[in-house]
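To start, the structure itself, in structure tokens.
The values are calculated or read from the model by the stated rules, or taken from the named source; none is laboratory data. Not measured: the values here are computed from a predicted model. Reconstructed Cβ throughout: ideal geometry from the backbone, glycine too, with neighbour counts over all protein chains shown. In case anyone asks, the SASA skips ligands and DNA or RNA and just uses the protein heavy atoms, side chains included. Shrake-Rupley method; radii C 1.70, N 1.55, O 1.52, S 1.80 Å.
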Amino acid sequence: MFQIVSRRALSTILPGLLAAVIALPVPWAGVQAAARIHHGPALVVASTEPMLDQAQKVAFFQPFTQATGQVVTRRAWTGGLPDLESHGVQAGAWSLVFAEDSTIRAACVQGLVVHLAGSATNPDGCGTPGLATQVVVAWDQTWRDTAPRWNDFWDVVRFPGKRGLRRDPRTTLEIALLADGVPPDQVYGQLATPQGVDRAFRKLSQLRPYITWWSTANEAASLLSRKQVLMGSAPLEAVSGLAPPGAQGRIGINTDMALSYDLSWAVVAGQPAGQLGRSRDLLHFIVQPDRQGAFMAAVPALAAGSAHPAALLPMDVQFWQVHYAPLSRRFELWLHKAG
């Protein structure tokens with residue numbers, strides 16, 4: 001799922017990262033000194049990406065605590081906005097969240113996260129760019145050497161067996177249309193129409209008896225590693241460890257069929273003033289060039305990776321910012337239909 005950018009690419013995106021938190025007027029050295037003098041209860045960082053916890057701890061949270069004395073703890077987050085809303089108004093509330101960019105933007109629209117200063121890559125200030133991510137086709141290589149494509153995903157006659165798909169309209173509806181022959185550059189035009197949405201759900205209905213749903217990266221990887229599915233859509237970082245180069249009889253990955261999207265950081269709204277300031281300090285620390293470099297080095301399987309594999313279809317964040325709520329309702333209704 002995660003494609004860690006090269007150091008050269010990192011130098012091009014860091015100005016945008018720093019611009020996104022330019023609302024912090026105090027230089028980091030000043031923040032550091034102030035934090036040593038006074039710090040409050042632990043800052044809580046909630047993430048939808050548990051497989052990055054250790055790398056974030058090493059690159060961001062431990063050094064921040066060492067520099068400031070401010071303790072940082074981590075929590076798992078499903079990505080559900082009701083969870084964010086409930087934790088944003090309570091004592092000991094979440095401080096930062098790390099999630100899919102479309103989730104962060106939806107939270108921003110609802111006022112659940114703080115608007116930051118905009119940047120060239122994020123003009124509306126809804127979060128701070130974190131990582132480029134991908135969902136790929138992954139499959140059990142014991143039954144096939146050649147990489148399957150999305151149309152093969154639906155061919156249960158030639159390739160009988162279960163399929164793993166994300167229990168979320170994002171990426172799942174796009175995959176359904178790609179499998180139905182829609183060119184990548186027409187997918188979002190189709191999904192913007194009632195007819196295109198109907199087409200995507202009809203295609204999903206064809207495969208429905210064979211689908212095993214996953215909601216997290218760990219679940220996607222587990223379905224494949226336990227041979228509960230023949231093939232599945234899967235976050236790249238979750239399955240790359242299952243498919244070391246040259247391995248036989250392991251999980252294959254087809255990045256030619258990848259759908260790319262971004263992960264972002266955001267400051268949770270509704271925090272007390274003192275905690276809000278410390279949360280901003282932590283975000284400012286995270287986007288510093290040396291911390292970003294340390295993070296790259298701390299992600300074992302992907303830190304040594306070179307350029308991004310070309311993505312078949314980049315996610316249209318603006319589309320999902322508008323359509324996520326209605327398509328989520330339609331998706332849940334479809335899931336709960338009888339049969």
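Taking residue 271 and the conditions (1) over 30 Å from residue 206 (Cα atoms); (2) modelled with pLDDT under 85; (3) part of a loop (DSSP other than H, G, I, E, B), which numbered condition does it fall short on, given that it satisfies the others?
Here residue 271 clears every test but (2).
I need a count of the residues in the range 128-154 that are in a loop (DSSP other than H, G, I, E, B) and at pLDDT 95 or above.
The total comes to 1.
When residues of the range 268-282 are filtered for being closer than 26 Å to residue 318 by Cα and either out of contact with any Leu (no Cβ under 6 Å at 6 or more places or on another chain) or aromatic (Phe, Trp, Tyr) (or both), how many remain?
Here the count works out to 2.
Does residue 183 meet the test of being at negative phi and open to solvent by 50 Å² or more (accessible area, probe 1.4 Å)?
yes
Cβ-Cβ distance below 7 Å, separation of 6 or more or different chains: which pairs start in the range 41-70 with a residue that is on the phi > 0 side of the Ramachandran plot and end on one that is surrounded by 16 or more Cβ atoms within 10 Å (Cβ to Cβ)?
69/35; 69/39
Given the criteria basic (Lys, Arg), within 18 Å of the chain's Cα centre (by Cα) and assigned to a helix (DSSP H, G or I), does residue 170 qualify?
yes
Which of the helices (runs of 4 or more DSSP H) contained wholly in the range 281-339 include at least 2 residues that are under 28 Å from residue 174 (Cβ atoms) and at pLDDT 75 or above?
The helices (runs of 4 or more DSSP H) meeting that bar are 317-335.
Among the residues of the range 22-37, is there at least one that is modelled with pLDDT under 55 and open to solvent by less than 10 Å² (accessible area, probe 1.4 Å)?
No, every residue in the range 22-37 fails to be modelled with pLDDT under 55 and open to solvent by less than 10 Å² (accessible area, probe 1.4 Å).
Among the residues of the range 195-229, which ones are under 26 Å from residue 47 (Cα atoms) and open to solvent by 60 Å² or more (accessible area, probe 1.4 Å)?
Those that are under 26 Å from residue 47 (Cα atoms) and open to solvent by 60 Å² or more (accessible area, probe 1.4 Å): 213, 215, 218, 219, 225, 226.
What are the residues in the range 89-120 that are modelled with pLDDT under 90, part of a loop (DSSP other than H, G, I, E, B) and either of a type in the set (A, V, I, L, M) or within 9 Å of residue 266 (Cα to Cα) (or both), if any?
89, 91, 93, 115, 116, 117, 120
Check 55, 76 and return the single one that is open to solvent by 30 Å² or more (accessible area, probe 1.4 Å), under 21 Å from residue 262 (Cα atoms) and at pLDDT 85 or above.
Only one candidate qualifies: 76.
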